[in-house]
Amino acid sequence: MTRPAPARGPDDIAVTGLGLVTAAGIGVADTWAGVCRGRSAAATDPGLAGLPVDISCTVPGFSARRHVGRRSALTQDRFSQLSVAAAREAVADSGLDPGTWDGARVGVVVGCGLGGVATWEAQHRRLLDQGPQAVSALLIPMLVPNMVAGHLAMDLGASGPNLVTATACASGATAIGTALHLLRDGSCDVVVAGGGEAGVTPLMVTGFAQMGALSRRLDEPAAASRPFDRDRDGFVIGEGSGMLVLERAADARARGAAVRARIAGYGASADAHHMTAPDPRGTGVLLALRTALARAGVVPDEVDHVNAHGTSTPLNDAAEAAVLRKFLGAGPAVTSTKGVLGHTLGAAGAIEAALTVLAVQHGTVPPTANLHDQDPDIDLDVVSGTARTRKLDVAVSNSFGFGGQNAVLVVTAP
């Protein structure tokens, strides 16, 4: 018997535009193709030479001057530059014209966990080596996390609500959830929402390495990130941005827009357990998952696909898998795209939400890279090897951050 499509309601939020800048490529097409190939983008990073960990997933061929312009190259930190590039693609994809829209009705919400850390580190070195006069007058505006949303607003002429969310590695998903509220309560007609991060810097990488979060498989970088594998030992740090253009579905249909998918539900919670370790009982994750499904009007056995947080760390993968198995069973096809893209921290939730939209749109679940020997304690249908074709009506994207902050999004077919 054919299962009916999820019911539509007046609060439906449509995804009409996507933009991606990741280690798999610049643009949605290149990123999607790279994720579906299932080959890791991790490599030895010359900028990290001599550090405890010297591998990363960085965006190949990104030129700030070429992709966002000379002025932005001089006045923005890399996390803002990546985000501006992704947002421009998303808006162009939506068919909306910033030159003619009512900017007061357009909001921007961006997730970011770290801010301008590359600028911070570079300017601190200048202070120590050359003295106060060598420090740039642009240090503060390039450093502070809120500037990424400010830059997007200026670039797009969006003068509605302008926010940055900081929930560590859940930041991008939290931004999208916040955007849903702005659309549903009538504050905006359009929201550009997503996340951006450029944390591949010596100090940040050393900090994550010192806490034991990063993979030490340094002799084979492309095999280092292996979510749900028996031999996983930590994540590979990455950078990038994912942006979505969101509108009320009725508005999108009225203007004849192509709707890629719908964001049907959002759930947020806190573990209230530990600074960095997940609650092994999974109570916070379960609360966020239950809330997201309930708000989407979806029951657990209707979920076809889960884009897991899947960091490739021993504790996080095990805890997430236990919750998924307990609440959703063995039915959904599960993947973690961090095996290909690395962990992009505050951008991860937005990038993965965009990839979940693409999975639903194309009926394709990307494989989990480097999953050769699935942990026997992870009793899930984790896709590996090659992408799997399957009709996807309902999908879930999980994002969890240090501090125990959880965000879950439900994506449904249009």
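The values are calculated or read from the model by the stated rules, or taken from the named source; none is laboratory data. Since the structure is predicted, the reported quantities are computational estimates derived from the model, not experimental observations. Cβ placement follows ideal geometry from the backbone for every residue including glycine, while neighbour counts extend to all protein chains displayed.
Would you check which residues across the range 215-254 are part of a loop (DSSP other than H, G, I, E, B) and more than 22 Å from Leu345 (Cβ to Cβ) and list them? Across the range 215-254, the qualifying residues are Asp219, Glu220, Arg230, Asp231. In summary, Arg39 fulfils each of the numbered conditions (1) part of a loop (DSSP other than H, G, I, E, B); (2) modelled with pLDDT under 95; (3) charged (D, E, K, R) with the single exception of condition (2). Taken over the range 376-408, the criterion of being part of a strand (DSSP E or B), in contact (Cβ under 8 Å) with a residue 40 or more places away in the chain and either surrounded by fewer than 22 Cβ atoms within 10 Å (Cβ to Cβ) or not assigned by TED's automatic domain parsing to the domain that holds Ala268 (or both) is satisfied by Asp381, Arg388.
Among the candidates Val15, Val84, Val53, the residue that is part of a loop (DSSP other than H, G, I, E, B), surrounded by 15 or more Cβ atoms within 10 Å (Cβ to Cβ) and in contact (Cβ under 8 Å) with a residue 12 or more places away in the chain is uniquely Val53. Taking the criterion of being touching a residue at least 60 places away in the same chain (Cβ under 8 Å) and either in contact with a Cys (Cβ under 7 Å, 6 or more places away or on another chain) or part of a loop (DSSP other than H, G, I, E, B) (or both), the residues of the range 350-375 that qualify are Thr364, Pro366, Pro367, Thr368, Ala369, Asn370, Leu371, His372, Asp373, Asp375.
Cβ separations smaller than 6 Å between residues 6+ apart or across chains give the following pairs from the range 189-207 residues that are under 11 Å from Thr344 (Cβ atoms) to residues that are surrounded by 24 or more Cβ atoms within 10 Å (Cβ to Cβ) and of a type in the set (S, T, N, Q): Gly195/Ser171; Gly196/Ser83; Gly196/Ser241; Glu197/Thr344; Val200/Ser56.
For every residue, the table says whether it meets (1) crowded, with 17+ Cβ neighbours inside 10 Å; (2) assigned to a helix (DSSP H, G or I); (3) touching a Cys at 6+ places or on another chain (Cβ under 9 Å).
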position: His124; (1), (2), (3): no, yes, no
position: Gln133; (1), (2), (3): no, yes, no
position: Ser136; (1), (2), (3): no, no, no
position: Met154; (1), (2), (3): no, yes, no
position: Val164; (1), (2), (3): yes, no, yes
position: Thr178; (1), (2), (3): yes, yes, no
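Condition first: assigned by TED's automatic domain parsing to the domain that holds Gly403, out of contact with any strand residue (DSSP E or B) (no Cβ under 9 Å at 6 or more places or on another chain) and in contact (Cβ under 8 Å) with a residue 24 or more places away in the chain. Can you find one or more residues in the range 287-304 that meet it? The answer is yes; a qualifying residue exists. Of the residues making up the range 121-139, those that are free of Cβ contacts under 8 Å to residues at least 24 places away in the same chain and within 19 Å of Met204 (Cβ to Cβ) are Ala122, Gln123, His124, Arg125, Arg126, Leu127, Leu128, Leu139.
Select from the range 204-232 the residues that are more than 20 Å from Gly385 (Cα to Cα) and touching a helix residue (DSSP H, G or I) at 6+ places or on another chain (Cβ under 7 Å) and write down the one among them that is surrounded by the most Cβ atoms within 10 Å (Cβ to Cβ).
This residue is Leu214.
When Val110, Val91 are screened for being surrounded by 16 or more Cβ atoms within 10 Å (Cβ to Cβ), touching a helix residue (DSSP H, G or I) at 6+ places or on another chain (Cβ under 8 Å) and not in a helix (DSSP H, G or I), only Val110 passes.
Figure legend. Inter-residue proximity from the range 210-233: first residues farther than 18 Å from Ala318 by Cβ, second residues among the acidic types (Asp, Glu) and in a loop (DSSP other than H, G, I, E, B), beta-carbon distance below 7 Å, spacing 6+ or different chains. Indicated pairs: Arg216/Asp233; Arg217/Asp233; Leu218/Asp54. So, in the range 19-47, of the ones that are of a type in the set (A, V, I, L, M) and within 18 Å of Val91 (Cβ to Cβ), which residue ends up surrounded by the most Cβ atoms within 10 Å (Cβ to Cβ)? Residue satisfying both the conditions and the ranking: Leu20. In this entry, Leu138 is excluded by the filter for residues that are in the same structural domain as Ala173 (by TED's automatic domain parsing) and closer than 23 Å to Gly172 by Cα.
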